[in-house]
Amino acid sequence: MKILEASKIYKSYGNKFNKQEVLKGVDLSIHQGEFISIMGPSGSGKTTLLNVLSSIDKLSNGSILINGQEMTKLKEKQLAEFRKAHLGFIFQEYNLLDTLTVKENILLPLSISKTSRTVANHKFKEVAEELGIFELQDKYPNELSGGQKQRTSAARAFIHEPRIIFADEPTGALDSKSASDLLNKLSQLNQKRQATILMVTHDPVAASYCSRVIFIKDGQIFTQLNKGTETRQAFFKDIMRTQGVLGGVQHDQ
Amino acid sequence: MTSKQLLFRNLRKNLKNYSLYVFALIFSSALYFSFVTLQYDPSMDVAEGSIKGAAAIRTASILLIAIVAIFLLYANNLFIKRRSKEIGLLQLVGMNKGMILRLLSAENFMLYFGSLLIGIFIGFSFSKLIILLLFKITGVEAIATLRFSTEALLQTLIVFCMIYLLIMLINHLFIKRHTILALFRVTSSTEEQIKKVTFLEMIMGIIGLLLIVIGYFISSKLFGGDFTTMTELFLAMVIILGSVIIGTYLFYKGSIRFIFHLIRKRKNGYLKVNEVVSLSSVMFRMKSNALLLTIITTISALAIGLLSLSYISYYSAEQTAKDYVAADFSFTDEAHASTFTETLNENGIEFEERSIEVIQVEVDLSQISDGDIEGELVEGTVLPVVSDTAIEHIDLSSSEVILSGYNDLLQNFIRLKDAGTLELNNQKFTYLGLEDEFIVSGYYTSGGLPVAIVDEKAFTKFLTEANPDIQKPSNTFYGIDIANKNQLEKANQIFNETLATSNGPHESQLNLSNNQKTNMGFMMFVVAFLGLTFLVTSGCILYFKQTGESEEEKPNYTVLRKLGFTQNDLLKGVQQKQLFNFGIPLLLGLFHSYFAVKSGWFLFGSELWTPMIVVMLLYTVLYSIFGLLSVNYYRKVIRDAL
């Protein structure tokens with residue numbers, strides 16, 4: 001089942017005289033339960049793509065269907081409504097509210113959707129235990145390590161069982177041990193809960209946990225890799241190879 | 001870019017950001033200037049007249065300087081911290097500290113003296129209005145003229161120049177002391193680390209609440225008869241003041257966090273939308289501002305309290321005059337009374353005249369006085385005694401006595417029971433109770449002692465055995481009431497003209513009432529002036545704090561909006577948060593002043609509620625403006641957050 005379908009999306013910044021096109025006609029479709037990475041060099045438009053798909057940023061042109069609903073036509077308020085019901089977010093900077101405890105942070109999406117307290121508690125226990133942060137529930141974010149913070153952030157993204165989870169460089173600020181921990185948890189949750197995850201990363205190791213990797217360059221899709229039945233190691237090599245072709249910072253001028 | 005361009009660009013940017021600072025600067029300089037103009041205005045001599053007006057105004061102007069100076073220094077401190085990154089950057093690109101200081105000084109100079117000039121202009125144009133207002137309140141009839149006073153200008157300029165130099169000195173120290181690296185970190189280091197509520201904080205929170213309650217409790221007992229000597233009373237006041245102020249400090253330091261912690265604990269991690277924005281943020285931020293908030297609360301309470309008391313006094317001037325002068329005009333000898341009545345007849349003013357004989361008799365109050373009071377007050381008391389024939393609705397038997405017209409202030413030192421035995425001149429009488437009516441003027445009652453009313457027979461007996469040592473020069477009260485109250489003004493004028501030279505103990509109720517209105521009106525005016533300055537400056541400080549806080553919380557709003565909170569959701573939370581931020585200090589200040597006023601208001605007048613509520617409402621309304629302004633600022637921040 002297609003859960004997200006984006007066709008010919010364009011995004012440009014600046015005014016009429018000084019326009020910078022960041023996305024130049026991206027077509028993309030995502031199926032239920034997929035774990036997808038978007039890779040590409042700096043400035044290729046990865047994060048913009050994620051922001052546009054997750055309705056945080058407005059499109060210049062094109063259409064995005066999530067669950068059959070046209071996102072570009074929704075008003076600000078409806079978008080907020082949509083985000084709270086169907087989307088989850090994990091950010092590189094964790095973006096936890098430092099005045100709230102771990103539990104309060106994780107329960108945020110449920111309190112917006114007015115879930116009953118017992119259900120909320122139940123869900124919290126479930127997801128917090130899966131991510132191994134149940135014991136930390138009364139701690140404040142600045143008492144946590146980076147990995148713990150990111151798992152809290154992940155728990156917050158998963159707790160209301162959204163259709164799609166958007167993750168922007170979730171491992172960017174983590175050491176390799178915490179990073180692989182987090183990725184393992186993410187792919188576990190992906191399989192167990194059939195949660196769809198769209199992740200932006202420039203770390204090939206992180207990308208190798210995914211089922212599909214989309215490479216973009218200069219605002220367009222360059223190529224895609226499917227993991228299929230390959231092992232993670234083999235898939236990692238594929239990704240490295242493609243990245244080599246793609247080039248780090250080079251520009252065709 | 002030359003440094004001149006940089007200067008002007010900064011100035012333009014700052015003018016927009018710090019518009020309220022500029023406003024406060026203009027406002028305080030305008031206020032100060034018009035106040036000083038008042039001080040030097042020749043027409044003020046009339047208003048100052050009999051009272052110690054000049055001293056009051058001078059004291060007030062010094063207080064005004066203090067408030068304005070502290071405010072400007074504090075605001076400057078906030079702003080330089082906010083700009084520390086910019087200062088660091090300028091150093092990074094090669095400017096030395098001297099150059100930056102010069103740049104900053106020049107920038108401040110223009111901002112500061114520009115506002116000062118505008119302020120002086122506004123202050124000048126409003127000074128006439130202010131003088132008119134003062135005359136209206138005090139009832140002084142004089143012509144208010146608009147006069148530009150060079151002395152006032154000079155004084156204002158000198159004072160503000162000193163403040164400016166002080167600010168520059170502090171900026172200089174700030175820049176000198178911080179390394180580039182430190183400058184980049186200044187803003188973040190002022191906020192404390194967020195931790196769990198500690199045991200110490202809980203204890204502090206509980207002690208804070210307790211201290212406040214104890215202070216309130218003692219204040220309600222203050223004039224209840226438990227403290228009778230001056231030393232005890234003074235000690236009690238010091239204890240109240242200390243426990244309330246320390247309590248307030250601990251309240252901000254611990255109680256708020258403790259209470260909010262309990263609320264959150266009860267929610268078990270499940271916070272509603274507006275609680276996320278309000279509760280959690282207020283909980284952590286109030287503590288770091290504890291000292292500031294304590295000062296704001298205490299001075300607010302002081303301002304509200306003083307204003308209420310002077311307004312109570314002003315408001316009940318007529319009643320007080322009635323209590324002290326038992327008729328429209330009161331005389332102590334017949335000669336003066338008849339001169340006055342003749343003049344009244346000549347002018348065709350109708351009146352009623354009455355005379356009451358009063359004798360002073362030694363009284364033993366010990367059996368009807370309540371509570372623990374100093375013996376000397378009770379035993380040696382001399383009370384005025386009148387016959388029941390002088391009062392229409394009272395008829396007593398030969399062994400009965402009624403007291404009437406007891407001053408509220410004195411009641412606190414000698415409290416009376418409802419019934420008992422009273423010894424008059426060593427004869428026992430049955431005491432029947434206390435009436436409200438004031439029968440003779442303060443001249444006979446030693447300023448507020450009750451009058452004893454006895455049967456005609458007993459009265460004649462006292463008359464024969466009266467002790468001449470304790471009698472007043474006059475034993476007859478002559479009261480003259482004007483029949484038509486419209487002619488009272490005219491009668492009063494005649495009174496003032498005919499009796500201007502003889503400064504005997506003759507009194508006019510209207511004069512007394514007007515006199516009190518002038519005195520208290522003047523007090524009220526000065527206190528209101530200071531109160532307003534303080535209100536505006538403290539409101540501005542809270543507002544600046546909030547604008548800084550909103551910038552710091554912007555990333556939080558970004559997260560929340562990404563999660564699906566709408567702008568409206570967040571705004572509701574912010575409104576609630578501002579209700580706490582502005583409401584808690586205000587409410588605490590109101591409570592403090594309420595208890596302060598409640599404990600001693602009767603020393604000032606006869607009506608508590610109306611004047612106090614008027615003052616409190618006015619203060620609340622003016623104060624809320626700053627809350628609303630800050631919500632408006634937050635609205636912008638939230639809108640730009642995504």
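What follows draws every value from the coordinates through simple rules; no lab data is involved. No experiment lies behind these values; they were computed from the predicted model shown. Positions of Cβ are generated from backbone atoms using ideal geometry, with glycine treated the same way; all protein chains shown enter the neighbour counts.
Worth pointing out:
- Label-to-label distance, nm, for residues given as B:Ala66 and B:Leu235 (7 Å Cα→Cβ offset): 2.8 nm
- Computed extension gain for B:Leu169 through B:Arg415, at 0.36 nm per residue and net of the alpha carbon distance, reaches 82.7 nm.
- Neighbour-count order for A:Arg156, B:Arg264, B:Arg635, fewest beta carbons within 10 angstrom listed first: B:Arg635, B:Arg264, A:Arg156
- Chain A, relative contact order in percent, only Cα pairs under 8 angstrom and at least six apart counted: 27 percent
- Normalised by the number of residues in chain B, the mean separation of alpha-carbon contacts (under 8 Å, six or more apart) gives a relative contact order of 20 percent.
- The protein assembly as shown, helix-only ellipticity at 222 nm - DSSP H runs n ≥ 4, -39,500 (n - 2.57), divided by all residues, nearest 500: -19500 deg cm²/dmol
- With Cα atoms defining each centre, the stretch B:576-633 and the stretch A:53-75 are spaced 50 Å apart in the structure.
- Between A:Ser116 and B:Ser366, the modelled label-to-label distance comes to 7.6 nm, taking each label 7 Å out from Cα in the direction of the beta carbon.
- Cβ-based exposure ranking for B:His592, A:His31, in which fewest neighbours within 10 Å come first: A:His31, B:His592
- Given charges at Cβ of Lys, Arg, Asp, Glu: chain A dipole, positive-most of A:Thr115, A:Ala167, A:Asn95: A:Thr115
- Residues whose placed amide H lies under 5 Å from that of B:Val361, excluding near-sequence neighbours: B:Leu383, B:Val385
- Summarising the amide proton neighbourhood of A:Lys139: residues at separation of 5 or more, or on other chains, whose placed amide H is nearer than 5 Å comprise A:Val102, A:Lys103.
- Efficiency of FRET from Cβ geometry, B:Leu6 and B:Lys490, R₀ 51 Å, rounded to 0.05: 0.10
- Cα centroid of the stretch B:96-174 to Cα centroid of the stretch B:470-492, whole Å: 51 Å
- Degrees between helix A:146-158 axis and first principal axis of chain A (Cα, 0 to 90, nearest 10): 90 degrees
- Electrostatic tally near B:Asp408: other residues with Cβ closer than 14 Å to its Cβ, Lys and Arg +1, Asp and Glu -1, net 0.
- Shown is the FRET efficiency for B:Asn96 and A:Ser12, computed with R0 = 30 Å from the Cβ-Cβ distance and rounded to the nearest 0.05: 0.10.
- Note on the protein assembly as shown: Kirkwood hydrodynamic radius from all Cα pairs is 34.0 Å, rounded to one decimal.
- From the alpha carbon centroid of the stretch A:137-211 to that of the stretch B:303-334 is 76 Å.
- Legend: ranking of residues B:Met95, A:Met240 from fewest to most surrounding C-beta atoms inside 10 Å; resulting order A:Met240, B:Met95.
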